[in-house]
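In what follows, a structure is listed as structure tokens, so that the remarks can point back to it.
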Amino acid sequence: MKQPRRLPFLRIALLLAAAVALVAAFIWLAAQKPAAQGVEAPPLAGAPIGGDFALTDQDGGRVTNDSLKGRYRLVYFGYSFCPDVCPVDVQRMAQGLQRFEAANPAAAARVQPVFVTVDPARDTPAVLKDFVAAFHPRLVGLTGSEAEVDTAKRAYRVYAAKGEGTDAENYLMDHSAFIYLMDPDGKPMLYFERGDDAAAIAAGLAKWVR
């Protein structure tokens, strides 16, 4: 049986490091832009992150950047077959939102949590329906064709590629992992890293969600 193509570990590490460096560069460039007098600008203000996409949610409905307008979004790219990192990251995102909901339910109601798969071949709407239900009742899971998912990945500057596996159905995905907070117009505000716990996410939401 033909074995799947294996990406050298060093190449994967370099690509992931490049993705992190790219986002860091966007943050630095955004920080150089002066904010309006007396108004603190979000850390990612002006960064070229986000944009048009058209994907399918866990119920078979179409979701686009425009259909989410008017709501803040917590956006995470991952995949449901991930054995460890993605479930932990999505749980942190959900728990951070839950803390914010407890402190400020009216503002929290304006925040839409979104999970976008980087593995559309396996993450069908039915698979995502079970996955997102385990984390938050309002979490939307998005999938689509490979081309549609690639468009969303490019818009959000997300790196993802197949890693090692034993066959075509059993493989891991290597991908960058940030939780983005986007404003009601779909513009980037800030991102949370893996080291940011639920309390840090709740604090970020409390600071920037109006």
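A short reminder: the numbers here are calculations on the coordinates, not readings from a lab. Predicted model only: the values in this text are computed from it and were never measured. Heads up, the Cβs are rebuilt from the backbone with ideal geometry, glycines too, and the neighbour counts pull from every protein chain shown.
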Residue check for ARG122: of a type in the set (Lys, Arg) and surrounded by fewer than 19 Cβ atoms within 10 Å (Cβ to Cβ): yes
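Could you list all residues from region 163-210 that are part of a loop (DSSP other than H, G, I, E, B), acidic (Asp, Glu), over 15 Å from the mean Cα position of the chain (by Cα) and over 20 Å from VAL88 (Cα atoms)?
GLU169, ASP185
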So which pairs qualify, if the first residue must be in region 143-166 and under 22 Å from GLY46 (Cβ atoms), the second must be among the hydroxyl-bearing types (Ser, Thr, Tyr), the Cβ gap must be under 6 Å, and the two must be at least 6 apart or on different chains? VAL158/SER176; TYR159/SER176
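Matching residues to (1) touching a residue at least 60 places away in the same chain (Cβ under 8 Å); (2) crowded, with 22+ Cβ neighbours inside 10 Å; (3) not aromatic (Phe, Trp, Tyr):
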{"position": "THR64", "(1), (2), (3)": "no, no, yes"}
{"position": "LEU74", "(1), (2), (3)": "yes, yes, yes"}
{"position": "GLY78", "(1), (2), (3)": "yes, yes, yes"}
{"position": "CYS82", "(1), (2), (3)": "yes, no, yes"}
{"position": "CYS86", "(1), (2), (3)": "yes, yes, yes"}
{"position": "GLN95", "(1), (2), (3)": "yes, no, yes"}
{"position": "ALA106", "(1), (2), (3)": "no, no, yes"}
{"position": "ARG110", "(1), (2), (3)": "yes, no, yes"}
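Could you identify the single residue in THR143, THR151 that is out of contact with any Leu (no Cβ under 7 Å at 6 or more places or on another chain), under 18 Å from ARG62 (Cα atoms) and polar (S, T, N, Q)?
THR151
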Would you point out the residue of region 43-62, among those that are free of Cβ contacts under 8 Å to residues at least 24 places away in the same chain and in contact with a Leu (Cβ under 9 Å, 6 or more places away or on another chain), that is nearest to ALA155 (Cα to Cα)? GLY46
Within region 126-152, the count of residues that are assigned to a helix (DSSP H, G or I) and closer than 29 Å to ARG99 by Cβ comes to 8
Among the listed residues GLN95, GLN91, GLN112, which satisfies the condition of being within 13 Å of the chain's Cα centre (by Cα) and assigned to a helix (DSSP H, G or I)? GLN91
Please enumerate the residues belonging to region 153-162 that are closer than 11 Å to VAL118 by Cα, outside any strand (DSSP E or B) and among the basic types (Lys, Arg). LYS153
Within region 125-135, considering residues that are surrounded by 16 or more Cβ atoms within 10 Å (Cβ to Cβ) and among the aliphatic types (A, V, I, L, M), the one farthest from SER67 (Cα to Cα): VAL127
Extreme residue, farthest from GLN112 (Cα to Cα), among residues of region 136-150 that are surrounded by fewer than 21 Cβ atoms within 10 Å (Cβ to Cβ) and in contact with a strand residue (DSSP E or B) (Cβ under 8 Å, 6 or more places away or on another chain): GLU148
